[in-house]
Amino acid sequence: MKNSLINAEEIVQLQIEWTHRWHEAPTPPKTVEPWVAIERNHRMNFDLWHAEDMARRDDLGPASVRDAKRTIDRCNQLRNDAIEQFDVRLLGQLPPAGSDAALHSETPGMIVDRLSIMALKIYHMHIEAARESADDEHRRKCSHKCAALKEQHDDLKRCLQVLMDELQSGARQCKLYRQFKMYNDARLNPQLYQKPTRS
């Protein structure tokens, strides 16, 4: 469909570009939807990736691990918020689905999120495949993994475009699925609302 509301190839290329550029320096954020939500989601995945790496350091003390965990929680919440924002806007622009339209279990935003994570994984796997301090076997295995990831990434990109085309034609439908994260909400996390108060 030529007039698709979103173009999967364009999203993928921007995620790859952001990944490379952000490892060098911050860039001015997008100001037009749907790119604001797509970029925010990718930025949170980018920050999340590096916080996860930091959380696995055992030489920085418990305070560093705690801080990394809180960064992870914050990024996860904002990452999901961005995807919900993207889906709300997108689904509001779709025509009514046909009466016999199949229900798709995953929203376009969920696939955009998966593409974002795969872009980061490919970037870092490529680094490992070329790392001079690693042995030949490590580089060889990472090269094979990188090739497999690129194939999966390409397949997922095509799946997103097919889904978008079917949603726009009314042949398929999907619903907005809220994540309802509980761990960040002091009213829903028993470890937070049951903790003793300081006197």
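Brief remarks on what is shown
- Contacts under 8 angstrom Cβ, first residue in the stretch 115-142 being closer than 19 Å to His50 by Cβ and of a type in the set (Phe, Trp, Tyr), partner at pLDDT 95 or above and surrounded by 14 or more Cβ atoms within 10 Å (Cβ to Cβ), 6 or more apart: Tyr123/Ile16; Tyr123/Thr19
- Helices (runs of 4 or more DSSP H) completely within the stretch 1-99 that count 3 or more residues being β-branched (Val, Ile, Thr): 8-22, 62-92
- Filtering the stretch 130-164 to residues that are among the polar types (S, T, N, Q) and either in a loop (DSSP other than H, G, I, E, B) or touching a Leu at 6+ places or on another chain (Cβ under 6 Å) (or both) leaves only Ser133.
- Count - residues of the stretch 164-199 that are touching a helix residue (DSSP H, G or I) at 6+ places or on another chain (Cβ under 7 Å), surrounded by fewer than 16 Cβ atoms within 10 Å (Cβ to Cβ) and of a type in the set (Lys, Arg): 3
- Pair list, Cβ < 6 Å and 6+ apart or interchain, from the stretch 26-54 residues that are farther than 21 Å from Glu84 by Cβ to residues that are loosely packed, with under 15 Cβ neighbours inside 10 Å: Thr27/Arg21
- Check on Glu84, over 22 Å from Val36 (Cβ atoms) and acidic (Asp, Glu): no
- Scan of the stretch 165-191 for residues that are closer than 20 Å to Asp73 by Cα, under 22 Å from the mean Cα position of the chain (by Cα) and either without any contact (Cβ under 8 Å) to a residue 12 or more places away in the chain or in a helix (DSSP H, G or I) (or both), ordered by number: Phe180, Met182, Asp185
- Some residue of the stretch 66-79 being surrounded by 17 or more Cβ atoms within 10 Å (Cβ to Cβ) and more than 14 Å from the chain's Cα centre (by Cα): yes
- Condition check for Arg74 on (1) farther than 17 Å from Leu160 by Cβ; (2) touching an Asp or Glu at 6+ places or on another chain (Cβ under 7 Å); (3) touching a residue at least 24 places away in the same chain (Cβ under 8 Å): one failure, at (2).
- Residues being in contact with a His (Cβ under 7 Å, 6 or more places away or on another chain) and loosely packed, with under 15 Cβ neighbours inside 10 Å - total across the stretch 118-163: 0
- Residue count for the stretch 77-103, restricted to those that are over 26 Å from Trp49 (Cβ atoms) and without any contact (Cβ under 8 Å) to a residue 60 or more places away in the chain: 3
The values are calculated or read from the model by the stated rules, or taken from the named source; none is laboratory data. Please read all numbers here as calculations on a predicted model, not as lab measurements. We place every Cβ from the backbone using ideal geometry, glycine too, and count neighbours over all the protein chains shown.
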